[in-house]
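The values are calculated or read from the model by the stated rules, or taken from the named source; none is laboratory data. None of these values were measured; they are calculated from a predicted model. Note that we place each Cβ from the backbone using ideal geometry, even for glycine, and neighbour counts take in every protein chain shown.
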Number of protein chains: 4
Amino acid sequence: MKIAIIGYGYWGPNLVRNFSLAENSEVSWVFDLSEKQLDRVKKSYPNIKTTTNYQDILHDPETDAVAIATPVFTHFELAKKAMISGKHVLIEKPMTSSVKESNELIQLSQKSGKVLMVDHTYLYTDAVQKIKDLIVTGQIGKLQYIDSTRINLGLFQRDVNVLWDLAPHDISICNYLMDDFPIAVQAVGAAHTDNNLANIAYLTLFYNDNKIAHFNCSWISPVKIRQMLIGGDQKMILFNDLETTEKLRIYDKGYSIVPESDRNRLLIDYRIGDITIPKIPQTEALASMAKDFINAITTHSVPLSSSKSGLDVVKILEAAEKSIQNKGQYIEF
Amino acid sequence: MKIAIIGYGYWGPNLVRNFSLAENSEVSWVFDLSEKQLDRVKKSYPNIKTTTNYQDILHDPETDAVAIATPVFTHFELAKKAMISGKHVLIEKPMTSSVKESNELIQLSQKSGKVLMVDHTYLYTDAVQKIKDLIVTGQIGKLQYIDSTRINLGLFQRDVNVLWDLAPHDISICNYLMDDFPIAVQAVGAAHTDNNLANIAYLTLFYNDNKIAHFNCSWISPVKIRQMLIGGDQKMILFNDLETTEKLRIYDKGYSIVPESDRNRLLIDYRIGDITIPKIPQTEALASMAKDFINAITTHSVPLSSSKSGLDVVKILEAAEKSIQNKGQYIEF
Amino acid sequence: MKIAIIGYGYWGPNLVRNFSLAENSEVSWVFDLSEKQLDRVKKSYPNIKTTTNYQDILHDPETDAVAIATPVFTHFELAKKAMISGKHVLIEKPMTSSVKESNELIQLSQKSGKVLMVDHTYLYTDAVQKIKDLIVTGQIGKLQYIDSTRINLGLFQRDVNVLWDLAPHDISICNYLMDDFPIAVQAVGAAHTDNNLANIAYLTLFYNDNKIAHFNCSWISPVKIRQMLIGGDQKMILFNDLETTEKLRIYDKGYSIVPESDRNRLLIDYRIGDITIPKIPQTEALASMAKDFINAITTHSVPLSSSKSGLDVVKILEAAEKSIQNKGQYIEF
Amino acid sequence: MKIAIIGYGYWGPNLVRNFSLAENSEVSWVFDLSEKQLDRVKKSYPNIKTTTNYQDILHDPETDAVAIATPVFTHFELAKKAMISGKHVLIEKPMTSSVKESNELIQLSQKSGKVLMVDHTYLYTDAVQKIKDLIVTGQIGKLQYIDSTRINLGLFQRDVNVLWDLAPHDISICNYLMDDFPIAVQAVGAAHTDNNLANIAYLTLFYNDNKIAHFNCSWISPVKIRQMLIGGDQKMILFNDLETTEKLRIYDKGYSIVPESDRNRLLIDYRIGDITIPKIPQTEALASMAKDFINAITTHSVPLSSSKSGLDVVKILEAAEKSIQNKGQYIEF
């Protein structure tokens, strides 16, 4: 499988490295508009061709797929052209700038039979896989909420609010863990720059059965926090992604509602037990993602981070942006 | 000054201790419906009279004031009767169950000339006083946001949602630090019990000039967090109330917006400097609160934790509850 | 059982409270040289007699026992007089200033049949009991080392070095967990004051079978650390006494030595598994200690924190002091 | 300047990278006994020659210097041959296996006029440079002690005890910060394997003027700790090398001895003030080390991490090993 990497900025080098190392995979081209970036490719990978002309890749019959790691607003055009040229396509998250664009790409993919996949890398991490396992095996009981904080002093972006930058990770994880798509979205935020795009924002997703998810995203926090609480009625999980070897803490805490009730308190039976920090392997998530993409092309399987999951994230981001503009409007799907 | 303490549950003993130790103050009575609780008073304070009959206190001409530490739904009646009987009144937070009740008590206070005060203890902590000082002296620059997390595995209450239980602290601090009352409120939450009262809730306050405050409150978190971020454009503060000696961290972090702009990024100048953990005295906040109450009675001064601040908190809680019931409705004041 | 508390400084009030609450126990007297301290007793406990004359207690036939919480150099005389007067004796750690004194008290106790006990409170904590249980049930495998750090900015004492102040806790825990007395002691330290007594010191205990224990004690550390590592070849335990609810972490880490060996490395098989933070009850250790003392008097049982364990600690402290003075001399017992 | 890297195991790749990037420097050869390791070089750096024959390098007149990153027991022979062949020599820490060898290399260097330098990388870190600056500018007052903990579950080595593996970093830092060589060494340890080499060891260095340094080194700790306390009488520093952005905490804590004294306490005046976490640049220490080596060759300057500092570390390690074998013997220099 020969793959061209489109964009050699922050993420591109990771894609080149992982698709070079993956089985049945080879990087044929790297595209970037900057010659300076391409010089770095030549130095590290003398065998990979480079170009500033996207057409070179589209016209190369030996290249089977492209992996797009450029700014979001360019995703749609690049992916569309690649699919029309008969290439399989992998796109960095978020998939596109709008639901309309995502839908169009998915239709193209269905028509052409080519794989369209989005890179929600986090789904492939050992931590998220472990959490998923704890949920599906019933170990945490009934899932009730997900509460995520993803804040730091980050680079403001010109074109999008902070949710488009920081929330895709958490939204894709959340939909995956809930195994559901929300029934409604609600979001608020504040902007402190002239472009009037929120640099601090709070997003709530409402799922069936009173399940709720909340995301605290900020580019203007003095501390860096990457923390997610996953609450079941039997056990609760704290996922701290800044920890290197202790990413998950499983709390044997929960409560059950006792039938009778007295005057001042609900009769609730609390349980507080041990905490377990499971040993989790530290494989590189991106390698698993690359393998899943290659596998999808080869075996026609549906990848974990499918175009459907990519569309779902964009749907939520688009609705969240509308909700912020309408003062926290509750937007049902 | 002779003070009667009304209610000897969780908080009452602290009031008895502090008003016993305060200058120009003496505890004359303790009222509680439970004889068992009153036995504890007799054992520890043989000189304090106890009663299960509130009238005993109302009719005692030597008692100047009452301090009410009973469940919220009883605050209004107890305070009203005390004011009518000519007593000064201190009420635990939140002041009452409704804005209507708070307004009525304030009117009674104005008519009678008796002090009506609410106990927002946190305003008297050295940490909050230090933060206020950093703001008013301009050291953090322009205040932009407050982000608070107050979560733990807490006792569900039968009559109120989690905001009435956990948010009053943060709201009173927030109004005090912002030196303002919000222009609007928005809140969402989820309930996992039959009474349909949220046990997890998210409250946002919108202030003038794009300032925003957000409160994450939960009774169903496996970890206990008491954390508040106070963001200015020059410096930012992290207030971690679970720390004993390092409650505040002052980050010399900020950003300024640079006039020109390029294509992909706002031109923003970030600054990351030292972190300072100031030495803060550890005086008991409740002692300062008691002193402020006595002082208000003696000198007719307006206490820091005034009835106005109590009313403001109840206004916000009432609006927040309405917002939750209306799916995150944006409620303007 | 009527007990007199000797000394009402830092620790005395805790003894009064616990012996007042314990079953079959009553505090008859409190002795202190300071009238001011005794006034505090009168205020809080009007029914307890107070005196500045130790004879009052020795001559009171109704008082069965004394609990001595005075400076170390006074322990011997006070305990000796009490035993001669037919009282049971509890002494705060360290038991006496010298081995000679401890031996004399133990002989007196054996002759009179009265209980002599030392208060090594830590042995009664739920954390230490849990660790002991993990060891005796074989869960951590073969115990190999104990490594303790007990440092902070502490009050320098005039008469003793830092080990006499800080190490008794750790030494008593260590002997208890090792279930052994060391074969040798070695210690070094440094003094930065005129009295030439070490304010920072390092103590090593050598036990049979290559087991080692090391204690880092300091009055001049900027950070407060109370941490003990207990290493087995199957599991290892971290005991952090500054944590409130997460005092113990049990690491499923260990190694086994594999028969063959290669050129550059020992063949060792490492194992890294989960970490468990067990839920531990939070009962007050001092209450259990008080109960054990009363029980020892009533049933003639040997208390956990026996006079033998008190003597052992003094033996080690005395040898450690000699070792420091002789530049780290290895002192065998 | 053309440099050959000797050994391409754990550390060699870092040397190749840094000497490739450094100004006025080029990597000419990489030597390793393993063809497999050399294949990795060829893949990443097609322009660098590789060899399994050390003579190729010694006979290459264009190669100015060698950087030796092989196991310790090989350092001496490789360095000696290189110096005899007229090359400048950089050796990874510890410089050699014995004082005798170090002395011989230093003599060779003096005779030949070629640079001999050891790579104590830590001396070039921004954190250590900041600490040094705080000391020499008098900001922490009189330096009194250094207390270091460097423990984790590490790979046992066949030929050396844990001090030879873990202590060189701390010893080189300590001598540098003390600006002195110790007057005596004392060490104890325990072995739990057949080779009888300590896998847990405690090393104390005694410096003039009651200054003391203590090192806790272990391969059998469940937790990884890299922590150093640097105590002055005015301020104290905590250096936690596992932190990424908050490596140093400067405590405005100290004490002064007050002339008079009372009966129970030394009269000591304690001071507890703010804590500062300084912003420290995050430059790569190894790049500065490489620059210092090239500079020493070019300008005949004495590098910070000189052969003298390398010898000093070996002297201490050799004495420490003897002290452990002699039950903590106090060994004066």
Query raised in the report: Residues in the stretch B:130-143: is at least one within 16 Å of B:Ala296 (Cβ to Cβ) and touching a residue at least 60 places away in the same chain (Cβ under 8 Å)?
Result: no
Requested in this report: Go through (1) closer than 21 Å to B:Ser109 by Cβ; (2) under 28 Å from the mean Cα position of the chain (by Cα); (3) not basic (Lys, Arg) one by one and return the number of the condition B:Asp60 breaks.
Outcome: (2)
Report summary line: Scanning the stretch D:198-235 for residues that are part of a loop (DSSP other than H, G, I, E, B) and under 21 Å from the mean Cα position of the chain (by Cα), the one nearest to the other protein chains (Cβ to nearest Cβ) turns out to be D:Lys211
Query raised in the report: Considering D:Phe239, D:Phe156, D:Phe215, which residue is in the same structural domain as D:Ile324 (by TED's automatic domain parsing), at negative phi, aromatic (Phe, Trp, Tyr) and at pLDDT below 95?
Result: D:Phe156
Query raised in the report: Mind checking which residues of the stretch D:16-48 are of a type in the set (Ser, Thr, Tyr) and away from every other protein chain (no Cβ under 12 Å)?
Result: D:Ser25, D:Ser28, D:Ser34
Requested in this report: Please tell me if A:Val258 is at negative phi and within 9 Å of chain B (Cβ to nearest Cβ).
Outcome: no
Report summary line: B:Tyr251 passes all but one of the listed conditions (1) at the interface with another protein chain (Cβ under 7 Å from one of its Cβ atoms); (2) touching a residue at least 24 places away in the same chain (Cβ under 8 Å); (3) over 22 Å from B:Gly141 (Cα atoms); (4) buried (at least 20 other Cβ atoms within 10 Å of the Cβ); the exception is number (3)
**Report entry** Count - residues of the stretch B:164-197 that are in a loop (DSSP other than H, G, I, E, B) and at the interface with chain A (Cβ under 10 Å from one of its Cβ atoms)
**Finding:** 7
**Report entry** Filtered residues of the stretch D:290-306 (kept if within 12 Å of the chain's Cα centre (by Cα) and either in the same structural domain as D:Ile183 (by TED's automatic domain parsing) or surrounded by fewer than 22 Cβ atoms within 10 Å (Cβ to Cβ) (or both))
**Finding:** D:Leu304, D:Ser306
Query raised in the report: What residue, of D:Ile135, D:Ile131, D:Ile146, D:Ile140, is in a strand (DSSP E or B), among the hydrophobic types (A, V, I, L, M, F, W, C) and at pLDDT 95 or above?
Result: D:Ile146
Query raised in the report: Filter the stretch B:1-31 for residues that are among the β-branched types (Val, Ile, Thr) and more than 18 Å from B:Lys114 (Cα to Cα); which is nearest to the chain's Cα centre (by Cα)?
Result: B:Val16
Requested in this report: Scan the stretch B:19-43 residue by residue and report those that are surrounded by fewer than 21 Cβ atoms within 10 Å (Cβ to Cβ), in contact (Cβ under 8 Å) with a residue 24 or more places away in the chain, in a helix (DSSP H, G or I) and not basic (Lys, Arg).
Outcome: B:Ser20, B:Leu21, B:Gln37, B:Leu38
Report summary line: Residues of the stretch C:54-82 being outside any loop (DSSP other than H, G, I, E, B), of a type outside the set (A, V, I, L, M) and within 19 Å of C:Thr121 (Cβ to Cβ), in sequence order, are C:His75
Query - Qualifying residue in the stretch B:63-77 (condition: in contact with a His (Cβ under 8 Å, 6 or more places away or on another chain), among the acidic types (Asp, Glu) and either surrounded by fewer than 18 Cβ atoms within 10 Å (Cβ to Cβ) or touching a residue at least 40 places away in the same chain (Cβ under 8 Å) (or both)) - result: yes
**Report entry** Count - residues of the stretch B:272-289 that are more than 16 Å from B:Ala65 (Cβ to Cβ) and either within 20 Å of the chain's Cα centre (by Cα) or away from chain D (no Cβ under 14 Å) (or both)
**Finding:** 6
**Report entry** Subset tally (residues that are under 21 Å from D:Lys87 (Cβ atoms) and part of a helix (DSSP H, G or I)) for the stretch D:284-313
**Finding:** 17
Requested in this report: Just give me the residues in the stretch C:45-57 being in contact with a helix residue (DSSP H, G or I) (Cβ under 8 Å, 6 or more places away or on another chain) and loosely packed, with under 13 Cβ neighbours inside 10 Å, in sequence order.
Outcome: C:Thr52
Report summary line: Of (1) more than 9 Å from chain B (Cβ to nearest Cβ); (2) assigned to a strand (DSSP E or B); (3) buried (at least 19 other Cβ atoms within 10 Å of the Cβ), A:Glu321 satisfies every one except (2)
Report summary line: Residues of the stretch B:144-163 being at the interface with chain A (Cβ under 9 Å from one of its Cβ atoms) and in contact with a Ser or Thr (Cβ under 9 Å, 6 or more places away or on another chain), in sequence order, are B:Tyr145, B:Asp147, B:Thr149, B:Ile151, B:Leu153, B:Phe156, B:Arg158, B:Asp159
Query raised in the report: Is it fair to say C:Thr193 is within 28 Å of D:Leu153 (Cβ to Cβ), over 15 Å from the mean Cα position of the chain (by Cα) and free of Cβ contacts under 8 Å to residues at least 40 places away in the same chain?
Result: no
Query raised in the report: Among the residues of the stretch B:149-163, which ones are touching a residue at least 40 places away in the same chain (Cβ under 8 Å) and assigned to a loop (DSSP other than H, G, I, E, B)?
Result: B:Gly154, B:Leu155, B:Phe156, B:Asp159, B:Val160, B:Asn161
